[in-house]
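Chemist: Sharing a structure, written as structure tokens. Questions coming.
The values are calculated or read from the model by the stated rules, or taken from the named source; none is laboratory data. From a predicted model like this one, the values you see are computed outputs, not experimental measurements. Here Cβ is always computed from backbone atoms with ideal geometry, including for glycine, and neighbour counts include all displayed protein chains.
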Amino acid sequence: MSISRYWMAGPGLALALAAPLSAKDEKPVIVVSGEGLDETPAAPAYDTQTIDREELLSVPSGRIEDALSTVAGFQQFRRSDSRSANASAQGATLRALGGNATSRALVLLDGVPMSDPFFGYVPFSALAPERLSRIRVTRGGGSGPFGAGALAGTIELESAGIEALDGFGGQILANDRGETEASATAGARVGSGFVVASGRWDRGKGFFTTPEADRVPLSARAAFDGWSAQLRGVAPLTDDVELQFRGLAYRDERTLRFEGADSSIEGQDASLRLIGRGAWQFDAIAYVQARNFTNRIISSTRFVPVLDQRNTPATGLGGKFELRPPVDDAHVLRLGVDYRRSDGELFEDAISSFTGAIRARRNAGGTNTDVGFFIEDDWTIGALVLTAGARLDRWTIRDGFFEERDGNGRPVVSATYPDRSGWDASFRGGVLYRTGDTIALRAAAYSGLRLPTLNELYRPFVVFPVVTEANAGLENERLEGFEAGIDVTPVPDVAFSLTAFDNRVENAIANVTIGTNLRQRRNIDAIHARGIEASASATFGRISLDASAAWTDAESDGSGFAAALDGNRPSQTPRFVGGATLSYRPAENWLLSASLRHVGAQFEDDLETDILPAFTTLGAFVQVPLTGNVALVFRGENLTDETIVTRNQGGSIDLGVPRTVWAGLRMGL
């Protein structure tokens, strides 16, 4: 699938709009930022943590998942990053509201949802930290723009502007296994706007995910080879309106566990955004995404292919319009509409492990849509800020089907599923009270909605020998939650934050065990998570410390077919996670930092039969300036060589990244 025509139109339009403005020297200089609208006064009423650009550029692995892991409560379904995980397991969630590998947190890049239209995973390997200015993570449900996906919270990625990416910048590093990471950015001011092009390529032979004692002749390293390229342009249309374009293309190939167990993801995304900063502020977005996924399953007993998921094309379309009309100085009113459409199919072949012949060909898919209408008002009364918002969603699940033919092409299964649709309302409200510059008290309550993905509805999958069936009758998940917290800044450059929360996801979709080596996606009664999140930051001269921790008591509520799960902790959810980063800047452009991260024990499955032990890792980052804007960079991952178990299915184990040391050069970043 290709949307290359958008690549040509977007930057050309931006340059054409910028050029005539630059010729009119008599007019005042127009400054474009490339950013969205400012956050509203009540945004701090919700539990929010920000990762700045320096933190993004100094994570030990150089990957965005590592940066997000500094926010306690963030997790992917697996403990692996995008170099050694199957992409379909890389959903993002917060507050232990898991259950399966789908994202329950809304991930936005410059306001555009980034999760895969078919699976719901996030293409982390395509989101290079060096392209970003900051990440803002809001834990807790949302009812604002694209709120029908922000079940556990919102992760907002903001692209860096021309101030950070002017001219040429880049880096190239290699590690002790001979793997490489190379990236480059080139930015230029064009008239009153700017254009930034960037690219990144990661490749390597990887490490053995299989423990040494369990390896067989066909055990393979987790090899990876992924690239991404992005073009972004920003141009003014008037004094207070700017146009933003972004085009992103990527491909990532990985091998996991056995030779021939290859998977790949690819995508081509394009978006246009109009930002108005006048009296009538507005934010208008339109986007299109073409994605694909392939995966080959190898038998763990005969070591031959048994399933070839050869093609999973999917298309995401959407947009939003948000308006902030002038009311008065005490109010910020937001109202608008957004739309998302996910359309996709799977094509896979089941293969005999004895003859190598195709036993069955399967084709399945469908279309999900959501139109949401939202309104929210922030009311500032001196030191008190009140906020309340509502959202109404019209959703459809339609055109669902599943077909299977035998190796000779004869129909075996031909199922079409009834179309479904409905209306769902969600709400959120909060209060923020500042007692001077030192203490801020906050509280919030919210509800939220998530549609099942096309993957959950129609695609079965195998992690040999376990088979997980799809379920076209899945219902929407619904969140209800509340929280209260305090933020304390006793002195400048020292801050503490503490939040207590209670979140409940009704009709939670989980991979429910229904037989030996057999699971099915089903709605259980609920997943109930209660916990405490804490963070602290302090800067003393050249030394700084950032720390974050989360303790979560999460349990499944199950009855009927799910009675065996009642009271169990959801799969893949630790009770405690925490981390800290200590940084030292001995001189200008120098940086030495060490990061400690702990993840508590968690269970592989919903029956709590197989455990993934707790682990603690130590990472490091060192930057030494050489000359001008060139610096020597060293990075270290898991320096204590801690054993990280990422999968344990009846004693069949996968491991995470071992000790890894990187060295290279950086320029202009």
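Chemist: Yes or no: residue 558 touching a Leu at 6+ places or on another chain (Cβ under 6 Å) and either crowded, with 17+ Cβ neighbours inside 10 Å or modelled with pLDDT of 95 or more (or both)?
Modeler: yes
Chemist: Scanning for something under 23 Å from the mean Cα position of the chain (by Cα) and either of a type in the set (A, V, I, L, M) or under 22 Å from residue 76 (Cα atoms) (or both), does the stretch 580-594 turn up at least one residue?
Modeler: yes
Chemist: Which one of these is crowded, with 23+ Cβ neighbours inside 10 Å and assigned to a strand (DSSP E or B): 442, 434?
Modeler: The conditions single out 442.
Chemist: Just to verify a result, which residue in the stretch 326-346, among those that are in a strand (DSSP E or B) and of a type in the set (Val, Ile, Thr), is nearest to residue 41 (Cα to Cα)?
Modeler: Per the stated criteria, the residue is 332.
Chemist: Additional query: Taking the stretch 628-648 on its own, how many of its residues are touching a residue at least 60 places away in the same chain (Cβ under 8 Å) and under 23 Å from the mean Cα position of the chain (by Cα)?
Modeler: Total meeting the criteria: 5.
Chemist: While we're looking at this one, here's another question. Please find, within the stretch 354-396, the residue that is modelled with the lowest pLDDT out of those that are farther than 29 Å from residue 476 by Cα, of a type outside the set (D, E, K, R) and surrounded by 15 or more Cβ atoms within 10 Å (Cβ to Cβ).
Modeler: Applying the filter and picking the extreme gives 360.
Chemist: When you go through (1) farther than 23 Å from residue 45 by Cα; (2) surrounded by fewer than 18 Cβ atoms within 10 Å (Cβ to Cβ); (3) touching a Lys or Arg at 6+ places or on another chain (Cβ under 8 Å) one by one for residue 323, which number turns out not to apply?
Modeler: All conditions are met except number (1).
Chemist: Please tell me if residue 651 is without any contact (Cβ under 8 Å) to a residue 60 or more places away in the chain and under 23 Å from the mean Cα position of the chain (by Cα).
Modeler: Answer is no for this residue.
Chemist: Just give me the residues in the stretch 606-632 being of a type outside the set (Gly, Ala, Ser) and at positive phi, in sequence order.
Modeler: Within the stretch 606-632, just 608 meets the criteria.
Chemist: Same structure again: One residue is enough: does the stretch 456-469 have a residue meeting the conditions of a type outside the set (Gly, Ala, Ser), part of a loop (DSSP other than H, G, I, E, B) and at pLDDT 95 or above?
Modeler: No: the stretch 456-469 contains no residue that is of a type outside the set (Gly, Ala, Ser), part of a loop (DSSP other than H, G, I, E, B) and at pLDDT 95 or above.
Chemist: Just checking, which of 130, 181 is assigned to a helix (DSSP H, G or I), acidic (Asp, Glu) and touching a Leu at 6+ places or on another chain (Cβ under 9 Å)?
Modeler: 130
Chemist: Inspect all residues belonging to the stretch 116-126 and state whether any of them is among the charged types (D, E, K, R) and outside any strand (DSSP E or B).
Modeler: yes
Chemist: Please note which strands (runs of 3 or more DSSP E) are completely contained in the stretch 598-669 and include at least 1 residues that are modelled with pLDDT under 95.
Modeler: 615-627, 645-649, 652-655
Chemist: Between 550, 587, 620, which is in contact with an Asp or Glu (Cβ under 7 Å, 6 or more places away or on another chain) and farther than 29 Å from residue 213 by Cβ?
Modeler: Within the list 550, 587, 620, the selection yields 550.
Chemist: Hey, another quick one. If I filter the stretch 237-246 for residues that are of a type in the set (Asp, Glu), surrounded by fewer than 19 Cβ atoms within 10 Å (Cβ to Cβ) and within 30 Å of residue 651 (Cα to Cα), do I get at least one hit?
Modeler: no
Chemist: Need the failing condition index for residue 206 against (1) buried (at least 20 other Cβ atoms within 10 Å of the Cβ); (2) in a strand (DSSP E or B), just the number.
Modeler: Condition not satisfied by residue 206: (2).
Chemist: Within the group 396, 380, 315, 367, which residue is among the polar types (S, T, N, Q) and over 26 Å from the mean Cα position of the chain (by Cα)?
Modeler: Among 396, 380, 315, 367, only 380 is among the polar types (S, T, N, Q) and over 26 Å from the mean Cα position of the chain (by Cα).
Chemist: Filter the stretch 128-153 down to residues that are basic (Lys, Arg), touching an Asp or Glu at 6+ places or on another chain (Cβ under 7 Å) and farther than 16 Å from residue 92 by Cβ, then give me how many there are.
Modeler: 1
Chemist: Name the residues in the stretch 397-418 that are at positive phi and at pLDDT below 95, would you?
Modeler: The answer is 409, and nothing else.
Chemist: Hey, another quick one. Somewhere in the stretch 210-218, is a residue assigned to a strand (DSSP E or B) and either over 28 Å from residue 185 (Cβ atoms) or of a type in the set (Lys, Arg) (or both)?
Modeler: no
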